[in-house]
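K.L.:
Here it is: the structure, laid out below.
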Amino acid sequence: MVSAGCGRDAEVVIDGDTQDITVPVKTYEKLSTSTASKFSLDDLTVGELKYFMTESEIQDILGEPLEIEDLSDKNKEMGIPEEKVYHYNSRILTFSNIDDVYVLTAFSSERSDDIFARNLTVGDTLDDILNSYYRDEDCMNNPYMSADRTIIYGKFLYGSFTMDSFDSIKYKNKVQYGIINFNGNQDLESASNYMVEFTYFEPPYIEETVSVYDDYAQILFEMDNSNKITSISWKYYPEEIY
C-alpha cells in the first residue's frame with residue numbers, strides 16, 4: 001500500500017533577512033521503492049483495443065458508434081491532423097489521419113468496465129495508480145512549480161521538467177515525466193478534483209532536440225476529492241509540421 005495521504009504539516013518559517021513567510025505545506029513520508037515501469041506507448045490500450053487500430057477494427061469490437069463527428073475539414077484549416085470522433089455510451093474515441101488511414105489515437109472513458117493498461121479502471125484510487133506506474137520514493141514532496149518558482153502546480157511523480165520547458169531545455173533523449181496536477185487548487189488536500197498525468201516523448205525528433213511539435217503520448221486520470229478515478233483518457237499526438 002502506498003498510503004499517499006499520510007503526512008504532516010511543515011512549520012511556518014520566517015526568513016530573517018526578508019521576513020518572507022513560507023506558507024505551511026504538508027510533508028509526506030517517503031514511499032516504498034517502486035518496481036513498476038514508467039508510462040510508454042505500450043500503455044495506450046483498453047481491453048482489446050490499442051492505439052493505431054483502424055476504424056473497421058474498432059467497429060468489429062465495439063459495433064457502430066452512436067455518433068461520428070468528422071473534424072477533417074476544420075482541422076485541415078487549422079493546420080492540424082484531420083480527425084474523426086466516435087461517440088459511444090460514456091466513451092469517446094478519436095481517429096487521426098496518418099498516411100491516409102484513419103487510426104485510433106485517443107480513447108476516453110467514464111466506465112468502470114473498461115480495463116486500461118495495468119488493470120486500472122474508473123473507481124480505482126490514487127494508491128492504485130502509484131502502485132501501477134513508476135514513481136520516485138519522495139515524489140509526494142517534489143513540487144511541480146512555475147518557471148519562476150512562485151506557484152505550485154502539483155507534484156512530480158518522476159522527471160524534473162515538462163514540455164513547457166522545451167524552449168529553455170534542449171533535450172535529445174527520451175522525455176518521460178509523471179505529475180499530479182492540482183488543477184488550479186492550492187494543494188492536494190483541499191482540491192475538489194485533480195489530475196494524474198503521464199507523458200512520453202521518444203526520438204527521433206523533427207529537429208535535433210525535442211519540441212512540442214514532435215509526436216508524443218499521454219495518459220490522464222481525473223480524480224475526485226476522495227482520491228478515486230472518475231475518468232481515464234489516453235492520447236497519441238501525431239507529429240505536427242510547422
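K.L.:
Applying the selection to the range 31-62, what residues are open to solvent by less than 60 Å² (accessible area, probe 1.4 Å), of a type outside the set (A, V, I, L, M) and free of Cβ contacts under 8 Å to residues at least 60 places away in the same chain?
P.N.:
Scanning the range 31-62 gives Thr54, Glu55, Gln59.
K.L.:
Also, I was wondering about something else. Output the residues belonging to the range 50-65 that are at negative phi and in a loop (DSSP other than H, G, I, E, B).
P.N.:
Step one: list which residues in the range 50-65 are at negative phi, which gives 50-51, 53-62, 64-65.
Result: Tyr51, Met53, Glu64, Pro65.
K.L.:
Hey, Ser112 hits all of (1) open to solvent by 70 Å² or more (accessible area, probe 1.4 Å); (2) modelled with pLDDT of 95 or more; (3) part of a helix (DSSP H, G or I) but one; which does it fall short on?
P.N.:
(3)
K.L.:
Limited to the range 219-230, what total is found for residues that are assigned to a strand (DSSP E or B), within 16 Å of Ser132 (Cβ to Cβ) and open to solvent by less than 60 Å² (accessible area, probe 1.4 Å)?
P.N.:
Residues in the range 219-230 being assigned to a strand (DSSP E or B), within 16 Å of Ser132 (Cβ to Cβ) and open to solvent by less than 60 Å² (accessible area, probe 1.4 Å): 5 in total.
K.L.:
Output the residues belonging to the range 89-100 that are closer than 13 Å to Tyr51 by Cα and among the aliphatic types (A, V, I, L, M).
P.N.:
Leu93, Ile98
K.L.:
Being at pLDDT below 95 and not in a strand (DSSP E or B), is that true of even one residue in the range 124-146?
P.N.:
Yes, some residue in the range 124-146 is at pLDDT below 95 and not in a strand (DSSP E or B).
K.L.:
Name the residue that is modelled with the lowest pLDDT, counting only residues in the range 66-89 that are open to solvent by 70 Å² or more (accessible area, probe 1.4 Å) and assigned to a loop (DSSP other than H, G, I, E, B).
P.N.:
Within the range 66-89, the match that is modelled with the lowest pLDDT is Asn89.
K.L.:
Now, a different point. Of the residues in the range 176-205, how many are open to solvent by less than 30 Å² (accessible area, probe 1.4 Å), in contact with a helix residue (DSSP H, G or I) (Cβ under 9 Å, 6 or more places away or on another chain) and outside any strand (DSSP E or B)?
P.N.:
Final tally of qualifying residues: 1.
K.L.:
On to the next question. Take Ser168 and tell me if it is open to solvent by 30 Å² or more (accessible area, probe 1.4 Å) and in a loop (DSSP other than H, G, I, E, B).
P.N.:
Details: open to solvent by 30 Å² or more (accessible area, probe 1.4 Å): yes; in a loop (DSSP other than H, G, I, E, B): yes.
Taking the combined requirement at face value, the residue satisfies it.
K.L.:
What number of residues within the range 153-165 satisfy the criterion of being in a helix (DSSP H, G or I) and in contact (Cβ under 8 Å) with a residue 24 or more places away in the chain?
P.N.:
If we filter the range 153-165 for residues that are in a helix (DSSP H, G or I), which is where we start, we get 163-165.
Then drop every residue that is not in contact (Cβ under 8 Å) with a residue 24 or more places away in the chain, which leaves 163.
Number satisfying all stated conditions: 1.
K.L.:
Then there is this: Would you tally the residues in the range 94-109 being open to solvent by less than 10 Å² (accessible area, probe 1.4 Å) and without any contact (Cβ under 8 Å) to a residue 60 or more places away in the chain?
P.N.:
2
The values are calculated or read from the model by the stated rules, or taken from the named source; none is laboratory data. Treat the numbers as computed from the prediction; the structure is a model and nothing was measured. Note that we place each Cβ from the backbone using ideal geometry, even for glycine, and neighbour counts take in every protein chain shown. SASA here: full protein model, heavy atoms, side chains in, ligands and nucleic acids out. Shrake-Rupley method; radii C 1.70, N 1.55, O 1.52, S 1.80 Å.
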